[in-house]
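Enquirer: I have a structure here, written as structure tokens, and I will follow up with some questions on it.
The values are calculated or read from the model by the stated rules, or taken from the named source; none is laboratory data. Since the structure is predicted, the reported quantities are computational estimates derived from the model, not experimental observations. A quick note on method: Cβ atoms are made from the backbone with ideal geometry, for glycine too, and the neighbour counts reach across all protein chains shown. Accessible surface areas use protein heavy atoms only, side chains included; no ligands, DNA or RNA. Shrake-Rupley method; radii C 1.70, N 1.55, O 1.52, S 1.80 Å.
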Amino acid sequence: MTDKSIQVDHYLSIAKNLNNVESVVQLILKVVESPSVYTFSEFLELPFFQTLKKDPILSQYYRLLELFSYGTFSNYNSNKNQYPELNTASITKLRHLSIISIASKNRTIPYKYLSEQLQINNVRELEDLIIDAFYSNIIKGKLDQLNNQLEIEYTIGRDVTDEQVDDILNVLDNWCKNCDFALKTIEAQITKANSFKQNQNEKQANIEQEVLNLKKTIMIQNQESESLNMSKESKKSQKTKGHLGKEYLVVEK
């Protein structure tokens with residue numbers, strides 16, 4: 001279990017035993033600024049915390065938990081009147097969470113876009129914020145100062161809304177369908193490759209058989225030719241002997 005998980009469990013165990021509004025509000029403010037807590041959905045699900053939603057004044061603290069669960073600094077900046085005032089630590093943390101959300105859609109993030117979303121106009125200040133996130137181990141990547149962009153390698157996960165769960169399921173469903181299509185395509189290519197290999201093997205076997213047959217034919221022809229030559233030589237020899245015999249008889253007479 002990581003230090004962050006231990007800290008979350010610690011705050012949750014406290015939250016489950018709270019039974020007064022003031023203590024709940026104080027815990028919410030502690031949780032949103034804590035450098036060890038980056039998931040908040042379990043707090044939102046606690047029955048006593050949910051009672052805050054119906055209170056016209058205290059509902060802003062429940063919305064604050066929702067903001068840190070799913071929202072971004074841009075959401076906060078556009079609707080500050082819906083939330084309690086945040087201290088410096090909470091604002092920094094919300095900006096870190098915003099970088100995580102942005103990184104989930106784009107692994108290369110221009111400084112200009114980050115500056116607009118986080119309302120930080122100074123590049124050095126922006127880079128310090130990102131470096132702080134690196135040291136907190138909530139994102140991993142590198143600063144590309146030559147091209148003025150952040151390159152993301154890894155981020156921790158954030159809470160998701162019910163709507164986002166549906167989107168994730170749709171993405172996974174499409175991914176599975178694409179995998180099925182890719183698998184069928186690969187299987188078809190394998191079948192085609194095996195068929196081609198079999199045809200090539202058959203052609204090779206036919207060629208080898210033809211070569212073997214040709215060798216046999218040439219061998220037979222050579223044997224027949226040698227046999228014919230031997231027969232001719234034999235006849236020629238016999239004629240020569242017969243001619244010499246006749247000459248011998250003439251001499252004797």
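Enquirer: With a 1.4 Å probe and all protein chains left in place, how much of the accessible area of the chain comes from carbon and sulfur atoms, in whole percent?
Expert: With neighbouring chains kept in place, the figure for the chain is 52 percent.
Enquirer: Same structure, new question: Could you work out how far helix 88-103 tilts from the main Cα principal axis of the chain, as a 0 to 90 degree angle to the nearest 10?
Expert: Here the helix axis deviates by roughly 30 degrees.
Enquirer: With everything on Cα atoms, drop me the angle between helix 59-70 and the longest principal axis of the chain, reported from 0 to 90° to the nearest 10.
Expert: 20
Enquirer: List residues of segment 195-216, by number, whose backbone nitrogen lies under 14 Å from a label position 7 Å along Cα→C-beta of Asn222.
Expert: Backbone N within reach: 212-216.
Enquirer: In whole Hz, what ³J(HN,Hα) sequence does segment 140-153 give by Karplus (6.51, -1.76, 1.60; θ = phi - 60°), x for Gly and Pro?
Expert: Computed from phi, the couplings for segment 140-153 are 10, x, 8, 8, 9, 6, 5, 9, 6, 8, 9, 9, 8, 10 Hz.
Enquirer: Oh, and also: Over 29 Å between Cα atoms: which of Lys30/Lys54; Lys54/Lys80; Lys16/Lys93; Lys53/Lys177; Lys54/Lys140 fall into that group?
Expert: Distance filter (> 29 Å) returns Lys53/Lys177; Lys54/Lys140.
Enquirer: Please give the helix 3-15 orientation as an angle from the longest Cα principal axis of the chain, in degrees from 0 to 90, rounded to the nearest 10.
Expert: 40
Enquirer: Please work out which option in (i) 1.15; (ii) 1.04; (iii) 2.48 gives Cα Rg over 2.2 N^0.38 Å calculated from these coordinates, and answer with its label.
Expert: Here Cα Rg over 2.2 N^0.38 Å agrees with entry (iii).
Enquirer: Now for a separate question. Rounded to the nearest whole Å², what accessible area per residue is found for the chain with the 1.4 Å probe?
Expert: The answer is 70 Å² per residue.
Enquirer: Could you work out [θ]222 nm for the chain from helices alone, using -39500 (n - 2.57) per DSSP H run of at least four and dividing by all its residues? Round to the nearest 500 deg cm²/dmol.
Expert: -24000 deg cm²/dmol
Enquirer: For Lys4, go through the aspartates and glutamates and keep the ones whose alpha-carbon is under 20 Å away, minus same-chain ones fewer than eight residues off.
Expert: Within the straight-line cut-off, Lys4 pairs with Glu33, Glu42, Glu45, Glu66, Asp132, Asp159.
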